[in-house]
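Notes follow once the structure below has been shown.
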6 protein chains.
Amino acid sequence: MIYITRRESFNAAHKLAREDWSLDKNTEVYGKCANPNWHGHNYQLYVTVKGEVNPETGFLVDLKWLKQLINVNVIDKVDHKNLNIDVDFMQGKLASTENLAIAIWDILKPLIAESDAELHSIKLYETENNFVEYLG
Amino acid sequence: MIYITRRESFNAAHKLAREDWSLDKNTEVYGKCANPNWHGHNYQLYVTVKGEVNPETGFLVDLKWLKQLINVNVIDKVDHKNLNIDVDFMQGKLASTENLAIAIWDILKPLIAESDAELHSIKLYETENNFVEYLG
Amino acid sequence: MIYITRRESFNAAHKLAREDWSLDKNTEVYGKCANPNWHGHNYQLYVTVKGEVNPETGFLVDLKWLKQLINVNVIDKVDHKNLNIDVDFMQGKLASTENLAIAIWDILKPLIAESDAELHSIKLYETENNFVEYLG
Amino acid sequence: MIYITRRESFNAAHKLAREDWSLDKNTEVYGKCANPNWHGHNYQLYVTVKGEVNPETGFLVDLKWLKQLINVNVIDKVDHKNLNIDVDFMQGKLASTENLAIAIWDILKPLIAESDAELHSIKLYETENNFVEYLG
Amino acid sequence: MIYITRRESFNAAHKLAREDWSLDKNTEVYGKCANPNWHGHNYQLYVTVKGEVNPETGFLVDLKWLKQLINVNVIDKVDHKNLNIDVDFMQGKLASTENLAIAIWDILKPLIAESDAELHSIKLYETENNFVEYLG
Amino acid sequence: MIYITRRESFNAAHKLAREDWSLDKNTEVYGKCANPNWHGHNYQLYVTVKGEVNPETGFLVDLKWLKQLINVNVIDKVDHKNLNIDVDFMQGKLASTENLAIAIWDILKPLIAESDAELHSIKLYETENNFVEYLG
């Protein structure tokens, strides 16, 4: 069993606010992250897959394939986007790093399962001081 | 003459778009940065001041003072904000890294001039791949 | 189950030396780390907690709360301090990164247990080349 | 149980190509990594060992010892070398990051077992965007 | 006058060796960098341009244009290549970081001069510990 | 004219305090940096030299020589040391980053002048947020 990780980045706007709560209530819970005019981040996404090394190629997976899979199915949908408004898979969810990591897992899990590898974890940095890891 | 630099960070939303241009024209010029629903970044700001070391204290400036000056006059106004909407000193300007760096220079230059040091440069990272430096 | 990590930093002096050993013996075991006049580091502390995402808030824990908990109970006690002399929870222990990580675990474990999350790991960087991880 | 990690670096040339495949076939599978005239990387190697803290020394292992063990047995054999040609333990293997990480594990596992610690993982960065982890 | 910088990366093999010197002489001068079977690096290239902000666009230069210019004229010619063998603009030159930075300057200087900006500097990292800067 | 930079690191203890001032006065001026029991840092030192590329070697300077020069004359004297007590060239000076950078300049300037290169700048990071640059 070996683990291989690919890092990709995206830049997005978001806010932390429930639509069914008042601005006061959202500010009480989410602080400055509830700013109604949005703020944003340079997110860093680490996708880790696991499996056996293919003795024919010496690879677990082809990283060009993994890079393209992540870009087409995740990065293109969130990069230079508003996570609350523009991103179909975040509709109806609070745009927290936790929920975003879980949503990315749900997208990539079945797609990677079609290869010889298996998705192991999604690690998502919101800033250099805060990050989330999800293992399913 | 010695140079001392303090790094601070802020997270903000913005878009690159002129209000007097159509979405098509803005997209032609600014690409995905013109997304009308905003995107955002973790900005890193490096403020460099220069001057002589004070022989009494061994300091050019007190970094606690410089840190507070930058936070009160810049960071508190841009962190978790929308650069186009929320920031008084960016009103009427395109929210490019260039214009933001120049605006920060204009704010800090006279304030630092009240100390024994002089503002030397504003360096502003939008991403780890893109940054601007302004020396007045 | 999701994992969320907060990074904090502190700058401290220490030495590696047992009081019941001679300087020669300490130098034999700990090398230049036994310098009786101390040396120091910029430590980086990563605190990882785990649990379920709260469906009401979209959060595992409020990072503002976690940040303050770490600062009040750990950082304020070690930052700009001498680990051997000034830090109550390191009294009578060798000031190794291993012992420091375990002591921080012992402090934070019960405090985080009062929230809906659970402490998962303490990761402590002494330099960019050396770090320790403790999972209890 | 505590985990301690030491980072070391090396700079090496390699190519991804099977000798029993044509250049066309190798290029089809490995892309530009199959360039017959080689390319290269600054590899970063993280060696993590685990065990109990020795109550006499406060150490899991002496990092000076671990550093030297890694340098003599791995770094000196790969640094400023061609992984395909110059490295005895990579002979007959495709020079992928996966295979290199496994080979380093096989070298270090028995050597570290002679101490009170046990090898836990080999993490090998080929670039800042791609890395492999092997846990045996 | 404002300065804007774009970072790009490439992975290449090289050796430091004069063809008119013996291996002994090359090893005496260049040490392990003279390994006849090559070694390699992850190079990081910082291209800094300077000029006035265009009041119509708020840009000094369009970074998408600068990124493409660097990629087509430099990165595509050196990435996953052997600097000594594969790179036309390094023929007949020792493949030192100094010579590579100067060659990249000579390529980009006239191309950037066709825009409203001017090339200011080429900064080239061979490792995180060694880099060269060239200002013409 | 080309510039080449070598990075080295050292770990040291220090405090900011004048011996002719009371603890109260030192704390008023230097804050927590005046802790009488010391604190410490992982310092990062960047030494930049400038000159012409030697057409025979393709080098400005031999980085192995520069590395050894910095290590013998600076790093060996400050690494794992107390800057206030153990370091001859800091005696009688406040151990600020400014004074330390200037002292390192004064040591290296004449030594580098014996080569074909000239010292251009000393850049010294005390933390990732604070650094000093001195150009003589």
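Across the range F:50-66, rounded Karplus estimates of 3J(HN,Hα) from the backbone phi angles (6.51 cos²θ - 1.76 cosθ + 1.60, θ = phi - 60°) give 9, x, 9, 5, 6, x, 6, 9, x, 10, 6, 9, 6, 5, 4, 5, 5 Hz, Gly and Pro being marked x. The calculated pair-distance distribution of the protein assembly as shown uses every alpha carbon pair, bins of 10 angstrom beginning at 0, and gives 2, 12, 21, 27, 24, 12, 2, 0 percent. Here the contact order of the range D:27-96, divided by its residue count and restricted to Cα pairs under 8 Å and six or more residues apart, works out to 11 percent. Summary for C:Ser115: label point 7 Å along Cα→Cβ; distances to the equivalent points in the other copies, ascending, 3.4, 3.4, 3.4, 4.4, 5.0 nm. With R₀ set to 41 Å, the beta-carbon distance separating D:Asn71 from E:Leu135 gives a calculated FRET efficiency near 0.65. When chain D is turned onto chain F, its residue with the beta carbon nearest the axis, and that distance in whole angstrom, is D:Ser9, 7. Within the accessible surface of the range D:60-136, defined with a 1.4 Å probe on protein heavy atoms only, the carbon and sulfur portion equals 48 percent. The distance separating the Cα centre of the range F:23-79 from that of the range A:93-131 comes to 41 Å. Sorted from shortest to longest, the distances between the E:Asp24 label points of this copy and the other copies are 4.7, 4.7, 7.5, 7.5, 8.9 nm, with each point 7 Å from Cα along the line through the beta carbon.
Pairing chain A with chain B buries about 1800 Å² of accessible area. This figure sums both sides and uses a 1.4 Å probe. Using C-alpha pairs under 8 Å with a sequence gap of at least 6, the mean separation divided by the residue count of chain A gives a relative contact order of 30 percent.
Of the residues E:His80, E:Gly40, E:Ile70, the one whose Cα sits farthest towards the positive end of the charge dipole of the range E:39-97 is E:Gly40 (charges of +1 on Lys and Arg Cβ, -1 on Asp and Glu Cβ, taken about the Cα centre).
Loop-only check: which GluC sites (Glu not before Pro) in the range F:2-110 are DSSP coil with at most 12 other Cβ within 10 angstrom?
Details: sites: F:Glu8, F:Glu19, F:Glu28, F:Glu52, F:Glu56, F:Glu98; in loops: F:Glu19, F:Glu52, F:Glu56.
Here the sparse-neighbourhood loop sites are F:Glu19, F:Glu52, F:Glu56.
Measuring heavy-atom accessible area with a 1.4 angstrom probe and counting protein chains only, the residues of the range B:81-98 that give up at least 50 Å² relative to the chain alone are B:Glu98. Taking only the Cα atoms of the range C:60-133, the ratio Rg/Rh comes out at 0.97, with Rh defined as the Kirkwood radius.
Scanning residues 5 or more positions from C:Asn35 or on other chains, those with amide H under 5 Å from its amide H are C:Leu16, with H placed 1.01 Å from N in the peptide plane. The share of alpha-carbon pairs in the range D:11-136 lying farther apart than 27 Å comes to 25%.
Residues whose amide H comes within less than 5 Å of that of F:Ser9, counting only those at least five positions distant or on another chain, are F:Leu45 (H built at 1.01 Å from N in the peptide plane). Ascending distances from the F:Asn73 label point to its copies in the other chains, with the point 7 Å along the Cα-to-beta-carbon line: 3.9, 3.9, 3.9, 5.0, 5.7 nm.
So which residue, out of D:Ser121, D:Ser22, D:Ser96, gets the largest mean-square fluctuation from a GNM of chain D using Cα contacts under 10 Å as springs? Answer for the Gaussian network model of chain D: D:Ser22. Listed by chain and number, the lysines whose C-alpha is less than 18 Å from the C-alpha of A:Lys67, apart from same-chain residues fewer than 8 away, are A:Lys50, A:Lys77, A:Lys109, A:Lys123, D:Lys32.
Using the 1.4 Å probe convention, the accessible area of the range D:1-94 works out to 42 Å² per residue with neighbouring protein chains retained. Geometric descriptor of the range B:1-56, per residue, is 123 Å³ (volume of the convex hull of the Cα atoms).
The values are calculated or read from the model by the stated rules, or taken from the named source; none is laboratory data. Since we're looking at a predicted model, the values are computed, not measured. No Cβ is skipped: glycine too gets one built from the backbone with ideal geometry, and neighbour counts run over all protein chains shown. The accessibility values were calculated without ligands, DNA or RNA, using every heavy atom of the protein model including side chains. Shrake-Rupley method; radii C 1.70, N 1.55, O 1.52, S 1.80 Å.
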